[in-house]
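Reviewing the structure listed below.
The values are calculated or read from the model by the stated rules, or taken from the named source; none is laboratory data. Source: prediction; values computed, not measured. Here Cβ is always computed from backbone atoms with ideal geometry, including for glycine, and neighbour counts include all displayed protein chains.
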Amino acid sequence: MFKPGTPSIEQMRTFLAVVEEGSFAAAGRRLRRATSVVSYAIANLEAQLGVTLFEREGTKKPRLTDEGQAVLEELRQVERGLDGLRARVSGLSQGLEPHLSVVVDVMYPSGCLAASLQDFAERFPSVALTLHIEALGAVADLLFKGAATLGVAGPLAAELPGLTRKFIGTVELLPVAAPNHRLVHGGALADDVQLVLSDRSNLSEGKDFSVFSARNWRLGDLGAKHALLRAGLGWGNMPRWMVAEDLAAGRLVDLKRPERTGGNYPQFVVHRTDTPPGPAASWLAERLGQLDGSIAQEVKLA
């Protein structure tokens, strides 16, 4: 039974050059090889694989067969893998981290995060990334456990000893409720159920941020809190960037009370003091720190 051989890198490069240039002669010019050498290499590749890759009869230019098209798709995947290998090795030789784990406070605007990570992926294609989204002390908890190298944290986590922090800006919080909630028509916020984001860790145990009502429900997920607010099950503080569309559509209402229940929620880039970030992490820390007014405004209006 015939067993296909394994093409060499040179054979793969020659085959891809013929496909991309459209002829053996053009591929030869690109590779600086004689046309006869290119033709011989393709013939050897066909014999090695046991299939005909190009139709040569009755056409001025070689045309891929069905088998050739299938081989093309496979070889392009191999080529991408080789490109990734070269990028990874090049990065390692420059001292880049092969992998970076990042934990980001749930209040940090998702639009800013996506833009930062898109730029990171373009600049450091060889660095694998793990992303965690956490709240309050859980950000610091992952850093202390070594499960993350770099973080964006709110004040409760950033103030913990053992972390180096850099202030990067604030996120505006608003007290909101569903339009059919009784607080929309008046009343004291402290007298009604407040939905409060809770800490999944015990690092900030006993500490609260903007808790005004003794009647409160604790939730470990900001998305769940958002859904319960829209369902009218209480009131709560939410980042403006996350509820901007709800406010515009009337699904939520800004409660605008004299009590300062919302305000500005500080954000910090943090890392363990005993574990300074490497080149890729340092670059991402700077990029995540660009929480300026123009970016925040774009997120609010998106």
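Can Val37 be described as under 17 Å from Arg76 (Cβ atoms), in the same structural domain as Glu79 (by TED's automatic domain parsing), surrounded by fewer than 17 Cβ atoms within 10 Å (Cβ to Cβ) and of a type outside the set (S, T, N, Q)? Answer is no for this residue. Taken over the stretch 146-199, the criterion of being among the charged types (D, E, K, R) and in contact (Cβ under 8 Å) with a residue 40 or more places away in the chain is satisfied by Arg165, Lys166, Glu172, Asp192, Asp199. Arg260 fulfils the conditions (1) touching a strand residue (DSSP E or B) at 6+ places or on another chain (Cβ under 9 Å); (2) in the same structural domain as Arg182 (by TED's automatic domain parsing); (3) modelled with pLDDT under 90 except for a single criterion, (1). For the stretch 99-126, give me each residue that is of a type in the set (S, T, N, Q) and under 9 Å from the mean Cα position of the chain (by Cα). Those that are of a type in the set (S, T, N, Q) and under 9 Å from the mean Cα position of the chain (by Cα): Ser116, Gln118.
The stretch 93-182 holds helices (runs of 4 or more DSSP H) entirely within its bounds, and those carrying 2 or more residues that are modelled with pLDDT of 90 or more, surrounded by fewer than 20 Cβ atoms within 10 Å (Cβ to Cβ) and among the aliphatic types (A, V, I, L, M) map to 110-123.
It is to be established whether one or more residues within the stretch 190-205 are of a type in the set (Gly, Ala, Ser), more than 17 Å from Gln267 (Cβ to Cβ), in a loop (DSSP other than H, G, I, E, B) and modelled with pLDDT under 90. Checked the stretch 190-205: at least one residue is of a type in the set (Gly, Ala, Ser), more than 17 Å from Gln267 (Cβ to Cβ), in a loop (DSSP other than H, G, I, E, B) and modelled with pLDDT under 90. Inspect the stretch 217-225 for any residue being modelled with pLDDT under 90, part of a loop (DSSP other than H, G, I, E, B), among the basic types (Lys, Arg) and out of contact with any His (no Cβ under 7 Å at 6 or more places or on another chain) and give the result as yes or no. For the stretch 217-225, residues modelled with pLDDT under 90, part of a loop (DSSP other than H, G, I, E, B), among the basic types (Lys, Arg) and out of contact with any His (no Cβ under 7 Å at 6 or more places or on another chain): absent.
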